[in-house]
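Novice: Sharing a structure with you now.
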Amino acid sequence: MRASTKTLLEARRVGLQLVAVCHNMNCRKSQAVDLDSVISYVGAQHEMLPVLNVRHFSERMVCPHCNHRGMFVWPVVNDDAEPNLEDALFSIKEWEKGGKVTSICETTSFKVAIAAYAAALLENPNKHITLQERARVLRDSKIKEVG
Ligand SMILES: [Zn+2]
């Protein structure tokens with residue numbers, strides 16, 4: 001992530017996708033954040049990520065699955081390669097009919113991987129998308145939730 005990406009306006013300008021994950025440990029459902037509607041509520045100069053002692057929009061977000069208030073928010077970065085990609089454990093991939101595979105996201109964080117997978121599904125509900133830990137498939141959009 002670029003160091004200069006601090007506000008919602010800047011996030012939108014560089015095309016960042018934010019995902020929100022429910023605080024509720026028994027739920028942990030994730031959803032893509034609609035930047036435009038958040039901006040219309042809190043303003044474009046609002047901090048993208050929570051800052052100590054500053055009220056953040058994610059504290060007021062309500063989970064659509066369990067109605068719990070408060071979500072974790074992460075940016076999902078597609079174009080900025082991280083320096084330690086060699087160590088990436090989790091990957092989200094898009095599979096096309098001809099066998100072409102596109103890597104959507106690679107991360108060492110399972111939470112980020114889950115959030116990015118959910119965001120990818122929301123963006124492309126009809127595409128075949130997998131979440132893998134190296135070669136092992138943990139989630140597959142063509143197979144109903146396994147666990
Ligand atoms: Zn929830």
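Novice: Out of everything in the range 99-112 that is in a loop (DSSP other than H, G, I, E, B) and surrounded by fewer than 13 Cβ atoms within 10 Å (Cβ to Cβ), what residue ends up being modelled with the highest pLDDT?
Specialist: For the range 99-112, the residue satisfying everything is Lys100.
Novice: Select from the range 12-36 the residues that are surrounded by 14 or more Cβ atoms within 10 Å (Cβ to Cβ), of a type outside the set (D, E, K, R) and either in a loop (DSSP other than H, G, I, E, B) or near the ligand (Cβ under 8 Å from one of its atoms) (or both) and list them in ascending order.
Specialist: Within the range 12-36, Val14, Leu16, Cys22, His23, Asn24, Cys27, Val33 meet the criteria.
Novice: What number of residues in the range 1-11 are surrounded by fewer than 19 Cβ atoms within 10 Å (Cβ to Cβ) and at pLDDT 85 or above?
Specialist: Residues meeting the conditions: 4.
Novice: Please go through the range 113-147 and pick out each residue that is hydrophobic (A, V, I, L, M, F, W, C) and crowded, with 20+ Cβ neighbours inside 10 Å.
Specialist: Listed by number, the residues that qualify are Ala113, Ile114, Ala115, Ala116, Ala118, Ala119, Ala120, Ile129, Leu131.
The values are calculated or read from the model by the stated rules, or taken from the named source; none is laboratory data. These figures come from a predicted structure and were not determined experimentally. Glycine gets a Cβ as well: all are built from the backbone with ideal geometry, and neighbour counts include every protein chain shown.
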